[in-house]
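Every read-out reported here was derived from the displayed coordinates using simple, explicitly stated rules and does not represent laboratory data. Since the structure is predicted, the reported quantities are computational estimates derived from the model, not experimental observations. Every residue, glycine as well, gets a Cβ built from its backbone with ideal geometry; the counts of neighbours run over all protein chains shown.
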Amino acid sequence: MTIVMLRHNLVANSAVGEQHGSAGLEGRPIDFRFHEFRLDYEQTKHLAFKHGIHSDPFSAGSHMWSLSCFPYVAPDKGEYISIFVRLESKPGSVSAIVEVSFMDKDGKPSLAAGRRTGVHLFQHKDWGWVHLVPKTDLVKNYVTEGHIRIVCGIMVVNGCSIPVPPSDVVEHLGTLLDSTDGADVSFIIDSETFHAHRVVLGARSPVFRAELLGSMAETPSLEMASLVTAPQG
């Protein structure tokens, strides 16, 4: 149902540069955005292999995206225009439904030159369709007043983003020290025993690294010599 709605909105908004809104997918909220990518036909005629035309970044579902147009030569099939979608925001991954369509001379999305995904996990790299439109069809079907119009609809499924959590390594190391789990070194100071982990000590001190991870590395549990603090006063 959501993909049908995306197609309906793509048709309804084909005459508008950008539209956005919200809906739902299986109980999860989604944000959708429609973006128009206008290409100068003369530019597409002279594109070299691996050299493309790129849209300005645009926002959809609180993430930045872009579109790219590349030439592609298929053996025994001729030259094609390829369209790729790129998630510009990073880090993380985003689940979204994407539909791309060339607009015909009547200003309507072309069924022959349109593609859509299911719910796809987009990452920070190009993803798209290679054999989208034969270059020989551009002038006949899609060039209007020297330009080609491509409309892209993106529906971002909220709750499917994979953010990078803030670092809490200090808290975890503190918990490890308090619990003494896995402790393999003991220090005795003024008759009080303090437990520690040789790998942590070795990472923090070159002296401990040489001692605990060098000559004493094979000792399963190590008790350091007793230390007595100097009297105060």
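Here each label is just a point 7 Å from Cα along the line to Cβ, and for Val73 and His51 those points are 1.4 nm apart. Panel order for Val185, Val73, Val119, Val156, by other beta carbons found within 10 Å of each beta carbon, from fewest to most: Val73, Val119, Val185, Val156.
Sorted largest first, the spans of the alpha carbon positions of region 84-155 along the three principal axes are 41, 20, 17 Å.
In this label model, Glu88 and Leu213 are separated by 4.2 nm, measuring between points 7 Å along each Cα→Cβ vector. Cross-link partners for Lys77 among the aspartates and glutamates, with Cα-Cα distance under 20 Å and sequence neighbours closer than 8 places in the same chain left out: Asp137. For Met155, Met103, Met64, the sequence from fewest to most other C-beta atoms within 10 Å is Met64, Met103, Met155.
A Cβ-based charge dipole, computed about the Cα centre of region 57-143 with Lys and Arg at +1 and Asp and Glu at -1, lands at about 80 debye. FRET efficiency for the Ser62 to Arg204 pair, using the beta carbon distance and R₀ = 45 Å, is estimated at 0.70. Karplus-based coupling profile of region 66-75, in residue order and whole Hz: 8, 10, 9, 10, 10, x, 8, 9, 9, x, with θ = phi - 60° in 6.51 cos²θ - 1.76 cosθ + 1.60 and x standing for Gly or Pro.
Were the residues from Asp40 through Asp106 laid out at 0.36 nm apart, the gain over their Cα-Cα distance would be 22.0 nm. Each of Leu67, Leu176 has some number of other Cβ atoms within 10 Å of its Cβ, and from fewest to most they run Leu176, Leu67.
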